[in-house]
Amino acid sequence: MNKSALQKAYSTEDFKKRGHQLIDELANHIGQVCNESPGNVLHWVSPNTSLNFWEEFLKNGDSEQLFHEVLKRSTHVHHPKYLGHQICPPAPITVLTAMISAVLNNGTAVYEMGMVTNPIERIITALLAAKIGYQEQSSGFLTSGGTLANLTALLSARKAKVLSDVWHEGHSKPLGIMVSEEAHYCVERAAKIMGLGERGIIKIPVKSDFSMDTALLEKYYSDAIQNGIEVFAIVGSAPSTATGIFDDLDSVGIFAEKYDLWYHVDAAHGGAALFSKKYRYTLNGISKSDSVVIDGHKMMMMPGITTALVYKDARTSNATFRQKADYLLEDSTESDWYNSGKRTFECTKNMMSLHWFSLLKTYGEEVFEAFVTTLYDKGISFGEIIEKNQRFELAIKPMSNIVCFRYVDVSLNLNTLNKINAAIRQQLLEDGEFYIVQTKLRGIQYLRCTVMNPFTTETHFKDLLEQIEMKLETILALKP
């Protein structure tokens with residue numbers, strides 16, 4: 001056994017040397033990509049090329065260059081031309097809280113491993129609950145991502161609303177949830193994990209603006225009941241991931257109350273608007289919900305992944321799981337909020353509440369308001385720029401910082417236009433100056449941008465459209 005390897009791995013001097021170098025490099029990286037001429041968002045290579053590089057690096061690469069190569073070869077979310085996925089450029093202070101979490105490595109399922117972060121988590125979720133409009137009996141916790149949070153909320157819904165003991169005895173009859181057809185795919189995935197099957201996912205069609213058509217709720221609910229499905233929950237999107245359009249949360253809430261359904265709001269992206277005076281209206285009706293999901297790593301300036309799941313009634317979150325682990329948790333008739341493992345899938349999770357708390361303590365709630373308001377403003381502004389260009393068409397007028405548009409030509413059929421728009425996106429990806437994604441709505445291919453950087457400007461938007469038009473000349477010239 002080579003004990004010197006352990007001594008080397010835990011060397012504080014080596015850590016100090018590498019740490020100082022890395023902090024300098026990270027600061028330079030953030031400063032560089034935020035400049036007016038920051039270079040590319042990414043340097044595209046094929047998956048196999050990347051695999052070959054890292055295989056070779058593991059064998060023969062210089063370990064002193066590891067962090068540098070990771071930075072150079074990754075996608076730069078702090079770049080003002082990053083307009084891709086819903087991942088924010090984290091505030092630099094959260095890099096430091098991530099370091100504290102990594103060094104301490106305190107899994108927070110039980111209080112003695114979360115003596116700092118479990119109380120902080122309670123403070124954060126209480127603040128969010130108050131913003132939602134819940135009363136004092138509300139509660140919540142943080143978990144690793146919106147997918148896990150949405151699944152947990154639906155498990156809580158089933159426990160609270162289904163009379164049979166599904167946890168111990170399994171399903172005794174078909175169960176179902178109602179959800180917009182434009183809801184995030186993780187909701188359908190959660191329902192299938194829960195054993196609801198295809199029949200148990202009652203998809204409500206959307207209107208022309210891609211929001212749930214609440215006028216159809218009565219019909220779809222009645223049809224489900226007649227088909228022997230016990231509907232126990234309904235999910236509102238705030239907003240849908242593909243379009244950035246918000247469901248009418250108030251109308252959904254009224255419907256849920258009428259039929260005593262659990263009302264869950266997936267506000268993973270848009271929940272941050274609770275802090276925005278200007279855009280708080282997008283969440284009107286959210287206080288009628290029983291549970292809400294909000295991602296810190298989307299619109300609240302934090303690294304991934306950290307998500308808040310907030311409940312109107314603390315008792316429902318405490319009752320979700322009834323699984324005993326004697327070596328971890330003692331039975332308690334009290335609401336022992338300080339043992340978060342009783343309410344989550346996770347036994348070990350990182351000290352993610354430090355991100356939320358450090359931002360609040362250092363910059364105050366106004367930093368969240370400034371962030372979300374600025375990004376929504378820019379998304380709407382980008383939509384207005386697109387509307388003025390006759391070569392492009394919006395899928396829908398933006399309600400947030402998500403913008404879907406496409407190149408159009410009335411002389412071309414849909415199939416050809418779809419291929420052209422897909423080719424535009426691929427060329428942008430390979431060039432690397434901009435990073436955008438794509439989506440398909442009602443069979444139509446759209447370019448999809450999410451404005452995640454508050455320092456992205458109208459000039460960047462106009463540059464993107466110019467780049468697309470230049471690429472169009474090449475693509476159209478090759479079209480048979």
**Fill in**
The correct count of residues that are buried (at least 18 other Cβ atoms within 10 Å of the Cβ) and either free of Cβ contacts under 8 Å to residues at least 12 places away in the same chain or of a type in the set (A, V, I, L, M, F, W, C) (or both) in the range 167-197 is 11
**Prompt:** In the range 429-462, which residues are farther than 17 Å from TRP44 by Cβ and either free of Cβ contacts under 8 Å to residues at least 40 places away in the same chain or part of a loop (DSSP other than H, G, I, E, B) (or both)?
**Reply:** LYS440, ARG442, GLY443, GLN445, VAL451, MET452, ASN453, PRO454, PHE455, THR456, THR457, THR459
**Item:** strands (runs of 3 or more DSSP E) fully within the range 173-281 counting 2 or more residues that are under 24 Å from the mean Cα position of the chain (by Cα) and under 23 Å from LYS131 (Cα atoms)
**Value:** 230-237, 262-266
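State yes or no: is THR108 crowded, with 17+ Cβ neighbours inside 10 Å, over 30 Å from THR439 (Cβ atoms) and modelled with pLDDT of 95 or more?
On the way: crowded, with 17+ Cβ neighbours inside 10 Å: yes; over 30 Å from THR439 (Cβ atoms): yes; modelled with pLDDT of 95 or more: no.
Spelling it out, it is not the case that THR108 is crowded, with 17+ Cβ neighbours inside 10 Å, over 30 Å from THR439 (Cβ atoms) and modelled with pLDDT of 95 or more.
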**Message:** For the range 342-379, give me each residue that is among the hydrophobic types (A, V, I, L, M, F, W, C), in a loop (DSSP other than H, G, I, E, B) and in contact with a strand residue (DSSP E or B) (Cβ under 8 Å, 6 or more places away or on another chain).
**Reply:** PHE345, MET352
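When the range 463-480 is examined, which residues are found to be among the charged types (D, E, K, R) and in a loop (DSSP other than H, G, I, E, B)? It would help to see each step written out before you state the result.
Taking the range 463-480 and keeping what is among the charged types (D, E, K, R), we get 463, 466, 469, 471, 473, 479.
Selection gives LYS479 alone.
Quick grid of which residues meet (1) of a type in the set (A, V, I, L, M); (2) under 22 Å from GLY270 (Cα atoms):
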position	(1), (2)
TRP167	no, no
LEU175	yes, no
ALA183	yes, yes
ILE225	yes, no
**Request:** Give me a count of the residues in the range 207-239 that are in contact with a Leu (Cβ under 8 Å, 6 or more places away or on another chain) and surrounded by fewer than 19 Cβ atoms within 10 Å (Cβ to Cβ).
**Result:** 1
**Message:** Based on this model, can you work out whether ASN401 counts as of a type in the set (S, T, N, Q), crowded, with 20+ Cβ neighbours inside 10 Å, under 26 Å from VAL33 (Cβ atoms) and in contact with a Lys or Arg (Cβ under 8 Å, 6 or more places away or on another chain)?
**Reply:** yes
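Out of the residues in the range 380-428 that are assigned to a helix (DSSP H, G or I) and among the β-branched types (Val, Ile, Thr), which is farthest from the chain's Cα centre (by Cα)?
Kept after step one, since they are assigned to a helix (DSSP H, G or I), are these residues of the range 380-428: 380-387, 414-428.
In the following step, the residues that additionally are among the β-branched types (Val, Ile, Thr) were identified as 380, 385-386, 416, 420, 424.
On the way: ILE380: 20, ILE385: 26, ILE386: 26, THR416: 32, ILE420: 29, ILE424: 26 Å.
Applying the filter and picking the extreme gives THR416.
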**Request:** Could you look through the range 1-29, keep only residues that are charged (D, E, K, R) and under 13 Å from PHE67 (Cβ atoms), and pick out the one that is surrounded by the fewest Cβ atoms within 10 Å (Cβ to Cβ)?
**Result:** ASP24
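For a quick check of your reading: which helices (runs of 4 or more DSSP H) sit entirely within the range 38-151 and have at least 2 residues that are over 22 Å from the mean Cα position of the chain (by Cα) and either closer than 24 Å to TYR338 by Cα or among the polar types (S, T, N, Q) (or both)? Break it down stepwise before answering.
Details: elements: 47-60, 66-73, 93-104, 117-132.
Fully inside the range 38-151 and qualifying: 47-60, 93-104, 117-132.
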**Request:** Run down GLU56, GLU64 and say which single residue is acidic (Asp, Glu) and within 27 Å of PRO92 (Cβ to Cβ).
**Result:** GLU64
**Prompt:** Here are some conditions: (1) on the phi > 0 side of the Ramachandran plot; (2) in contact with a strand residue (DSSP E or B) (Cβ under 7 Å, 6 or more places away or on another chain). GLY443 meets all but one. Which one does it not meet?
**Reply:** (2)
**Prompt:** Given the conditions (1) over 24 Å from GLU366 (Cα atoms); (2) of a type in the set (Asp, Glu); (3) at pLDDT 95 or above, and given that ASP266 satisfies all but one, which numbered condition is not satisfied?
**Reply:** (1)
**Message:** Looking at VAL70, VAL41 in this structure, which one is touching a Lys or Arg at 6+ places or on another chain (Cβ under 6 Å) and either among the β-branched types (Val, Ile, Thr) or surrounded by fewer than 11 Cβ atoms within 10 Å (Cβ to Cβ) (or both)?
**Reply:** VAL41
**Message:** Being assigned to a loop (DSSP other than H, G, I, E, B), among the aromatic types (Phe, Trp, Tyr) and at pLDDT 75 or above is the filter here; which residues of the range 311-341 pass it?
**Reply:** TRP337, TYR338
**Message:** Restricting to the range 445-480, and then to whatever is of a type in the set (D, E, K, R) and loosely packed, with under 14 Cβ neighbours inside 10 Å, can you tell me which residue is farthest from LEU83 (Cα to Cα)?
**Reply:** LYS479
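The values are calculated or read from the model by the stated rules, or taken from the named source; none is laboratory data. The model shown is predicted, which means the values in this text are computed figures rather than measured ones. Backbone-built Cβ (ideal geometry, glycine too); neighbour counts: all protein chains shown.
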